[in-house]
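After the structure tokens below, expect a handful of questions from me.
The values are calculated or read from the model by the stated rules, or taken from the named source; none is laboratory data. The shown structure was predicted, so the numbers you read here are calculated from the model rather than taken from an experiment. For neighbour counting, all protein chains shown are included, and Cβ atoms are generated from backbone atoms with ideal geometry for every residue, glycine included. Please note that ligands, DNA and RNA were not included when accessible areas were found on the heavy atoms of the full protein model with its side chains. Shrake-Rupley method; radii C 1.70, N 1.55, O 1.52, S 1.80 Å.
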Amino acid sequence: MRKWILMVIVVGMLGWAIVDFIDSNRESANQFNIVDAEDNGEQMDTSNENREADESVIGLEVGNKAPDFQLQTLTGDTVKLSDFRGNRVMINFWATWCPPCRAEMPDMEKFHQDKDVVILAVNLTDTETSLEDVDKFSDEYKLTFPVLLDENLDVATLYMVQPIPTTYMVDSEGIISYKAFGAMNYDLMVQEFEKMD
């Protein structure tokens with residue numbers, strides 16, 4: 001009986017944490033947009049009903065321009081998100097120790113092989129035991145897309161990543177068209193990819 005009560009409490013706390021995370025992300029992204037607009041001397045209508053997606057606003061909501069970033073890959077190359085303007089991009093935040101991340105990697109590789117999509121797999125390197133773990137993981141899953149190393153979690157902080165995996169689908173203009181908290185399967189990846197320009 002005690003185990004059931006404990007399990008109900010844990011599930012309730014987990015549910016509350018997810019709701020709180022989503023709500024805080026929404027508020028933070030809105031604050032980010034408002035500050036960005038104020039810095040540019042613009043007036044911004046913050047009501048959700050009247051606001052249309054403004055492609056010039058940098059933020060984390062669907063319809064915002066994805067914040068640019070630059071990281072090194074496992075192979076030592078430097079990659080910048082804006083270098084891929086004109087391509088549809090999937091930005092995925094992950095770690096080797098994360099079971100849902102491991103579960104979606106084969107689908108991501110298949111998606112990468114089947115579709116004309118750029119995948120930027122941003123590893124939360126600061127949370128890893130060693131860089132060697134990331135390299136072994138990449139070899140084990142035979143990943144052909146770039147694995148980016150977020151060694152100080154700067155990009156994860158910029159994108160306000162809390163649960164992993166977190167994924168952003170960015171269209172050819174650099175606009176966020178979809179975001180997911182948790183693992184995505186192949187069918188969902190393809191479905192969201194095909195909605196993008």
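State whether the residues of segment 65-74 include one that is outside any loop (DSSP other than H, G, I, E, B), free of Cβ contacts under 8 Å to residues at least 24 places away in the same chain and more than 22 Å from D171 (Cβ to Cβ). Spell out the reasoning first.
Kept after step one, since they are outside any loop (DSSP other than H, G, I, E, B), are these residues of segment 65-74: 65, 70-73.
Retained after the next criterion (residues that are free of Cβ contacts under 8 Å to residues at least 24 places away in the same chain): 70.
Then drop every residue that is not more than 22 Å from D171 (Cβ to Cβ), which leaves none.
No - not one qualifying residue is present in segment 65-74.
Quick check on this structure: which one of L60, L74 is crowded, with 17+ Cβ neighbours inside 10 Å and under 16 Å from the mean Cα position of the chain (by Cα)?
On the way: L74 fails: under 16 Å from the mean Cα position of the chain (by Cα).
Result of the check over L60, L74: L60.
Would segment 93-101 turn up any residue that is open to solvent by less than 50 Å² (accessible area, probe 1.4 Å), hydroxyl-bearing (S, T, Y) and not in a strand (DSSP E or B)? Before the answer, list the steps.
To start, the set of residues in segment 93-101 that are open to solvent by less than 50 Å² (accessible area, probe 1.4 Å) comprises 93-96, 98, 101.
Cutting the leftovers down to hydroxyl-bearing (S, T, Y) gives us 96.
Filter once more, keeping what is not in a strand (DSSP E or B): 96.
Scanning segment 93-101, I find at least one residue that is open to solvent by less than 50 Å² (accessible area, probe 1.4 Å), hydroxyl-bearing (S, T, Y) and not in a strand (DSSP E or B), so the answer is yes.
On the basis of being open to solvent by 30 Å² or more (accessible area, probe 1.4 Å) and modelled with pLDDT of 50 or more, does D36 make the cut? I'd like the intermediate steps shown before the answer.
Details: open to solvent by 30 Å² or more (accessible area, probe 1.4 Å): yes; modelled with pLDDT of 50 or more: no.
Spelling it out, it is not the case that D36 is open to solvent by 30 Å² or more (accessible area, probe 1.4 Å) and modelled with pLDDT of 50 or more.
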